[in-house]
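Written below as structure tokens is the structure these notes are about.
Any read-out appearing in this document is the output of simple, stated calculations on the displayed coordinates, not a laboratory observation. Note that the structure is predicted; figures quoted are calculated from it, not measured. Cβ: placed from backbone, ideal geometry, glycine included. Neighbour counts: every protein chain shown.
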Amino acid sequence: MNLSITGHHLEVTAPLRDYVTQKLDRITRHFDRVIDVKVYLSVDKLVQKAEINIHVRGRDIFAEASDTDLYAAIDALIDKLDRQVLKHKEKQNDHGHEGLKQQEQI
């Protein structure tokens, strides 16, 4: 997994990088086929914004969140991303099996 963390009007320190990496472990625990991850953190006056773009096989997943606290924005971002990854995983696993389920019930 390639990880890129970029900051705009913000210095990406080692603790911040570790925090983002720790939170991304939750995503890779659910879905291990992550190819590329790009995290963009920015500060605009009082608004802290976090964006993430994950490239998985067959799809790009994007999420963004903003808050007055950067860590809270990252937490909200990971929650959104986790829901999207689980939905993508469900679609990958269930795709094309509805016809078989209906035939078995008959």
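General remarks:
- Residue pairs whose Cβ atoms lie under 8 Å apart, sitting 6 or more positions apart in sequence or on different chains, and linking a residue in the range 33-58 that is under 15 Å from R17 (Cα atoms) to a partner that is assigned to a loop (DSSP other than H, G, I, E, B) and aliphatic (A, V, I, L, M), are V37/M1; L41/L10; L41/V12; S42/L10.
- Members of the range 10-20 found to be farther than 12 Å from D75 by Cα and either surrounded by 14 or more Cβ atoms within 10 Å (Cβ to Cβ) or of a type in the set (V, I, T) (or both), listed by number: L10, V12, T13, L16, R17
- Within the range 64-91, residues that are of a type in the set (K, R) have Cβ atoms under 8 Å from residues that are assigned to a helix (DSSP H, G or I) in these pairs: K89/H30, counting only partners at least 6 apart in sequence or on another chain.
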